[in-house]
1. Take residue 95 and tell me if it is more than 24 Å from residue 60 (Cβ to Cβ) and in contact with an Asp or Glu (Cβ under 7 Å, 6 or more places away or on another chain).
2. Of everything in the range 1-34 that's open to solvent by less than 50 Å² (accessible area, probe 1.4 Å), assigned to a loop (DSSP other than H, G, I, E, B) and more than 17 Å from residue 182 (Cβ to Cβ), which residue is modelled with the lowest pLDDT?
3. Report, by residue number, each residue of the range 351-396 that is open to solvent by 40 Å² or more (accessible area, probe 1.4 Å) and at pLDDT 85 or above.
4. So which residues in the range 60-105 are open to solvent by 50 Å² or more (accessible area, probe 1.4 Å) and within 15 Å of residue 345 (Cβ to Cβ)?
5. Restricting the search to the range 264-314, which residues are under 25 Å from residue 209 (Cβ atoms), in contact with a helix residue (DSSP H, G or I) (Cβ under 9 Å, 6 or more places away or on another chain) and open to solvent by 50 Å² or more (accessible area, probe 1.4 Å)?
6. Using beta carbons and a limit of 9 Å, which pairs, at least six apart or on different chains, have the first residue in the range 248-277 and on the phi > 0 side of the Ramachandran plot and the second one buried (at least 24 other Cβ atoms within 10 Å of the Cβ)?
7. Among the candidates 48, 118, 90, 54, which residue alone is part of a helix (DSSP H, G or I) and within 23 Å of residue 180 (Cα to Cα)?
Amino acid sequence: MKRTGEMPREIWVLVAAALAVALGYGIVAPIIPQFARSFDVSVMAASALTSVFAGMRLVFATPGGKLIDMFGERKMYMTGLLIVALSSAASGFAQSYSQLLVLRGIGGIGSIVFSVSAMSLIIKLSPPGQRGRASSLYGSAFLLGNILGPSLGSLLAVWGMRLPFFIYAGTLMVSFVVILIWLPEPDRTHDADDVAAEPMTVREAVSSPTYRAVLVTGFSHAWTNMGVRLTMIPLATGVAMGYGEWVSGAALTAGALGTALALLVAGSWSDRYGRMRVIVPGLVLSGATTMIFGNLDNPAILVAVAFVTGLGAGLIQPGEQGAVADVLDGRAGGKVVSTFQMAGDLGQIIGPLLAGFIADRLGYSYAFALSGAILILAVIAWIPARTDSYRGYRRD
């Protein structure tokens, strides 16, 4: 018998797989925009690598959801991992910016397949009273990888900017093996007369003010915290501010560390006090600190602000995924999950492109100011949702 409050073993398997993926991504992420710039392209073009990755995720989100319904989450999770691994290895051999752009797009296809599969598995396998905690564990694995990854990437920089792409491909294959060996295929059978087992439609989900608020939050969070910050910080600190490479690595690591610390409590808080009470402070905190980031001229203060921004970002993620699980309330909903992912991908497409455009013409401070404001404005979406997001969702 499983003790009350004990997390299912399958969740820990997913966490281990996520850690392997994140470690590789943390190594390669800071290198991507700089590798693009080595082909003598503009800041906006370098930022487009993030956007094309997210763009292909957006385009293939709906087909990916259908494939998951057809073949199951586990099979599609492993398929997505293989696609990203192959595209990453090929990126290490890229001889031009256009080749790199195409390969990043292919990687986006695999990314949406395995990320929607993983989120669907987390929702399906986590107990109702521990949805936020399960999401925190999964998110913490990604953040731990993002903490360790940039530091390892800096150490590996002496061997050039291509090696991290091969390492990322290797960590993806480690994740593939973990899922293959230790995660059984979830039971997809149900009683034909069980109406509650019928997949929830997106139209039905959108009728919930909480789901609408989550879509806006996902868009804003991905725009700034997953798109602009990862893309612009290495460029802003290295190109505009003239600091050494260690500053961008330290800032990204500090942000990841802040997020990881917030994740230690954000999941349980969102289960206990409600999604809105945790998400809204996160939006305000990360938004306000992002707005001032481009005006900082001291490396130590810059790294400290990145840490606080990470704290705010860490308060957002568990509540987001927990709220989606609450809306589904045990029902299947691959399209509901993929639509949430699409909202984030749309933000990750628009954010870096627009921020890069603004940085090229007006400067980095304006790009960061707009991105921070986007997060703060997302708070408005939670006003209609306050009645069903005020308290926690524990049903025990």
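The values are calculated or read from the model by the stated rules, or taken from the named source; none is laboratory data. Everything numeric here is computed off the predicted structure, so don't read it as measured data. Note that each Cβ is placed from the backbone with ideal geometry, even for glycine, and that neighbours are counted across all protein chains shown. Ligands, DNA and RNA are stripped out before the accessible areas are found, and what is left, the full protein with its side chains, is counted by its heavy atoms. Shrake-Rupley method; radii C 1.70, N 1.55, O 1.52, S 1.80 Å.
1. Numbers: more than 24 Å from residue 60 (Cβ to Cβ): yes; in contact with an Asp or Glu (Cβ under 7 Å, 6 or more places away or on another chain): no.
No, not satisfied.
2. 5
3. First, the residues of the range 351-396 that are open to solvent by 40 Å² or more (accessible area, probe 1.4 Å): 353-354, 357, 360-362, 366, 370, 376-377, 380, 383-384, 386-388, 390-391, 394-396.
Selection gives 354, 357, 362, 366, 370, 376, 377, 380, 383, 384.
4. If the condition is that a residue be open to solvent by 50 Å² or more (accessible area, probe 1.4 Å) and within 15 Å of residue 345 (Cβ to Cβ), then 60, 62, 63 are the ones that fit.
5. Matches in the range 264-314: 269, 272, 277, 281, 284, 285.
6. Pairs that qualify, where the first residue is on the phi > 0 side of the Ramachandran plot and the partner is buried (at least 24 other Cβ atoms within 10 Å of the Cβ), are 274/319; 274/389.
7. On the way: 48 fails: within 23 Å of residue 180 (Cα to Cα); 90 fails: within 23 Å of residue 180 (Cα to Cα); 54 fails: within 23 Å of residue 180 (Cα to Cα).
Within the list 48, 118, 90, 54, the selection yields 118.
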